[in-house]
Amino acid sequence: MRTRSQRAGVRRRFRYWFDTMMSRGMGTLIGWMTAACFALVVPVSVLLVWTDEKAPPGLGDRLADIWQHVGAAFRLGGDLGPPLYVLFSVLLALMALLFTSTLIGLITNGVDRRLAELRKGRSIVLEDNHTVVFGWSEQVFPIVAELVLANANRRRAVVVILAPKDKVEMEDEIRAKVARRGSTKVVCRTGSPTDPADIAIVSPATARSLLILAPGGPDGDSGVVKTLLALAQVQRAAGESRHIVAALEDGQNHAAARLAAGPDACVLDMDSITAQLIVQTSLQPGLSFVYHQLLSYAGDEFYLTAEPRLVGRTFEEALMAYATSSVVGLLREDGRVDLNPPWRSLIGDRDRIIAISRDDDTVIVSEPPHHIDTGAIIPPRPISRTPVRLLVLGWNRRAATVIERLDGHVVEGSTVDVVTRQPEATGRAGRTADGPTRLRVTAVEGDPAQPGTLCRLDLARYHRIVLLRHDTVNAQQADNRTLVTLLHLRELGRAAGSEPAVVTEMADDRNRELAPTSPSHDFIISSRLISRLMTQISESPHLARLFDELFGAEGSEIHLRPAEGYVALGRDLDFYTVVEAARRQGHIAIGYRLHGETTVAPAFGVRLNPDKRRSRRFAPGDSIIVLAGERPPGSDALALPGSRAGGDEAGRTPTRRGGPGGPGGPCHHA
């Protein structure tokens, strides 16, 4: 019987023999290379001489010609003469060959060592006005992508990343996931963001802004706090301070980070911001798509600009002064952000306009002649608010904050039912029920990912379902359970004849693309949201105070309101008329959402900052996107031009100040 080695082919046996010979060391390798060269060069030299018509006829002369060809091939000279002369010439050629090969080897080894050092990513970055990112997580890719978009109008921009990861691996991942980098150069360095010596490699003293990512895991926030302490030490030693933006996953660590941050840092509380957005979206379907556009540099976003032509004029006049930008507030001389201020507020010579626009160079005063179609404006009407019934599936550390803030947005008689498979979470949900005053909370134990649990619930009686992701497992496992639950909800909705409205919290944006969607679905991707917030604040530090109010528990918020509450439906009108109609109710119109396009990606019907000169016709189901202060729950006040029940002297609802995470809001500034 033939053995396996006998059955192996000749090619495989030769490769096995060759590999075995090569593994015996350098001496064997040199010997076989020399033998192989002679086996090739000598026969070819013989053929060259014997086929040459001009070759000498004698055997001795032909052997001399063969020697010359062999010597030329091996760089041995091939000189003719007495044997001793030939011997010394060969020795001289061998010494020259040895010296040349040694020199080449030394140069090659030096270059290899230098390349190995560069591969380690330990060389100092000599850049100015660059952006530094400390740490490595999935957030780094959307941050780099947003920075590329933000720097599109700059000739040369640099993003430097310092993380405890191989430099080449980081570069390969960025090339794979951020394909278009435009004029932005991405530089990666390997080092610990908590080590002051490693931080010095990326030249933080000459950077324009510093971003600190939460690496994830149970100790991720402690790494952020330690990086803040290390940066403070480096900046004290250099006598230079730069704007710092950091993100924490757990709001309980916010106070410690604020102590370590110092006066030039903004610390984002991811839990608080995510919870507030879940609250807003659970009460206003479609709001997540508005924030998706507003926080991305791919669309229209917030910009600050000084406009001398508007100095001394009122905020009401500024609203109509831009055809292609939407004015939403003022940055006062003292650094205070005033969103949706009183209409008669005067613009000071050092105040800056806060506007939503395509880019920072598109916030241009146009002041064209415009006509307000007053006949299309609907007079303000009382708003009657009714109790809502919400279903929360799952539980995490943000759930209690969500319920507490829901209590401040709903009217008496509203209810929240919590279903979670964790017995300890059921107990925490039950204890949370003791806090709200307007909201009645009930908690039951059950697995939301099991169809049997969902079948026992009467889904049709709920206005909105909030699907929270688990934070006790890794992000992919949590998103997997979320996807399964979404599929079950969709199947139950089809069987009942109507799909439930769902707000879904997910960790990875790539998983959102796999999720079943419908016009009634909103997705909150906390990592993507925080990445975009960090990028915008790093580019414009004053925006931190603006986001404090937008994502705060109190203050001005973005709302989706029915279009028929502002203008007549089925009538051609420009957006100047919509802005005026919203102004008469104390609101600022910044866009609209078309009901007929709610399933059309990527905008899903949302149009932010439309050209005010263009006319359009609104239909039933369309919404106007407005910036407005929160009415007291249950208020049915009639809003009249120039006056508003419970409002200020300019006819707008007073806004309440404060933000998530305490007095400093989601960002802390000393």
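Please treat every number below as a calculation from the coordinates, not as lab data. Just so it is clear, the structure is predicted and the values come from calculations on it, not from any experiment. For neighbour counting, all protein chains shown are included, and Cβ atoms are generated from backbone atoms with ideal geometry for every residue, glycine included.
Summary table
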quantity	calculated
Residues Trp32, Trp136, Trp17, sorted so that the one with the fewest Cβ neighbours within 10 Å comes first	Trp17, Trp32, Trp136
Efficiency of FRET from Cβ geometry, Thr362 and Thr386, R₀ 41 Å, rounded to 0.05	0.50
Radius 14 Å from Cβ of Gly335, net charge of other residues (Lys, Arg +1; Asp, Glu -1)	-2
Cleavage-rule hits, trypsin sites (Lys or Arg not before Pro), segment 511-576, DSSP coil, Cβ neighbours within 10 Å at most 15	Arg571
Neighbour-count order for Cys266, Cys455, Cys188, fewest beta carbons within 10 angstrom listed first	Cys455, Cys188, Cys266
For segment 131-263, the fraction of alpha-carbon pairs in successive 5 Å shells from zero, as %	2, 11, 21, 23, 20, 14, 7, 2, 0
Sequence-distant aspartates and glutamates (8 or more away, or on other chains) whose Cα lies within less than 12 Å of Lys165	Glu173
Cα centroid separation, segment 118-184 to segment 310-340 (Å)	35 Å
For segment 131-263: relative contact order, % (alpha-carbon pairs under 8 angstrom, 6 or more apart)	26 percent
Exposure proxy order (Cβ contacts within 10 Å, fewest to most) of His130, His488, His521	His488, His130, His521
Entries in Lys177/Lys226; Lys167/Lys226; Lys185/Lys612 that, when Cα-Cα distance is taken, lie over 27 Å	Lys177/Lys226; Lys185/Lys612
Net +/- balance of residues flanking Arg528 in space, Cβ distance below 14 Å, scoring K and R +1, D and E -1	-3
Computed E for Arg154/Leu487 - FRET, C-beta separation, R0 60 angstrom, nearest 0.05	0.85
Part-to-part distance (alpha-carbon centres) for segment 574-591 and segment 231-263, which is given in Å	40 Å
